[in-house]
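Chemist: Have a look at this one before I ask anything.
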Amino acid sequence: MMVLEDLEVKGEEGSKMEIELKEKNENEIVFIIRDAEVPFVNAIRRIAMMEIPKIAIEDVNIVKNDSAMFDEVLAHRLGLTPLFSDAEAIEGLVFSEDCECEDYCPKCSVSFTLNKTGPGVVYSKDLSSTDSKIKSVYDTIPLLKLKDDEDVELEAVAKLGFGKDHAKWIPTTVCSYKQYPKITFNDELEVDYGCAEACPRGILKADKRSKKIKVNNIENCSMCKSCVRASENKYVDVGYEKNNFIFRLETDGSMTPEEVLLKACDVLSEKTEKFISFCKGGRT
């Protein structure tokens, strides 16, 4: 806001950041950000991973476990089992530290029970939730294996948390960006077809008829520079566009990638407002 005020005084315009959607499905989104800066893009990435509230199993009370799996390992598997955590599912839930109860209650947690007898594999679908909206995202996650007459009986308590406190509260499985690749050729030199053969992803394709090297799907370039090292006469150069980025976000299914991005933007906006208020002499 302070920067925009300065720009308005000078008669200039603020940032004209552009976003182009490239791929999108139920759990993944890929888009291009143009005319942005690394700190901004990295802030979105970090917030999406670490500061989006998600529900996950925190406490496990094991009554009986006859399987070969240690109680601690079973509790760890339960904690990493993705649970639906979209806005509708966790509406009304509060963080345990903000709740007035001593341990846990329906206001700050959701309870799961598991009671199975072998033989067979116990899957995530066998967890019974007290809230129909909050359950395992995937039904076929194997938890443990029971032999004949072996039993498992437990209660698990799921609570809200942040990824910065534990990996089980991270809503993303992939959250990364890279600067947009830029491949240039020195037309004053003889075409070096060897550099195209060295590309491990097939980005470069030698076209000896036109005596050129074509670039295919440049966004898939990892900028490994194998082509640069293979070129004896330095015919090709690999760099990047400074303020353009390819952003990829994939979730564990607990919420959609769009919801993660929107929440990340809200958190960043709130942090910005606090910082501006502090700079102006206010309190955060």
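Chemist: Can you pull out the residues in the stretch 143-196 that are in a helix (DSSP H, G or I), hydrophobic (A, V, I, L, M, F, W, C) and touching a Gly at 6+ places or on another chain (Cβ under 6 Å)?
Modeler: Residue satisfying the conditions is W169 alone.
Chemist: Taking K234 as the residue in question, decide whether it is at pLDDT 90 or above, over 30 Å from K22 (Cα atoms) and in the same structural domain as E37 (by TED's automatic domain parsing).
Modeler: Taking the combined requirement at face value, the residue satisfies it.
Chemist: Something else about it: Just checking, which of K64, K133 is assigned to a strand (DSSP E or B), surrounded by fewer than 19 Cβ atoms within 10 Å (Cβ to Cβ) and either at pLDDT below 95 or not aromatic (F, W, Y) (or both)?
Modeler: Answer to the check: K64.
Chemist: Also, quick follow-up: State the number of residues belonging to the stretch 112-129 that are under 15 Å from E58 (Cβ atoms) and surrounded by fewer than 19 Cβ atoms within 10 Å (Cβ to Cβ).
Modeler: 1
Chemist: Anything in the stretch 213-237 that is loosely packed, with under 14 Cβ neighbours inside 10 Å and more than 26 Å from I33 (Cα to Cα)? List them, or say none.
Modeler: Those that are loosely packed, with under 14 Cβ neighbours inside 10 Å and more than 26 Å from I33 (Cα to Cα): R229, E232, N233, K234.
Chemist: Mind listing whichever residues of the stretch 197-227 are assigned to a loop (DSSP other than H, G, I, E, B) and among the hydrophobic types (A, V, I, L, M, F, W, C)?
Modeler: A198, C199, I203, C221, M223, C224
The values are calculated or read from the model by the stated rules, or taken from the named source; none is laboratory data. For clarity, every value in this text was computed on a predicted model and none was experimentally measured. Reconstructed Cβ throughout: ideal geometry from the backbone, glycine too, with neighbour counts over all protein chains shown.
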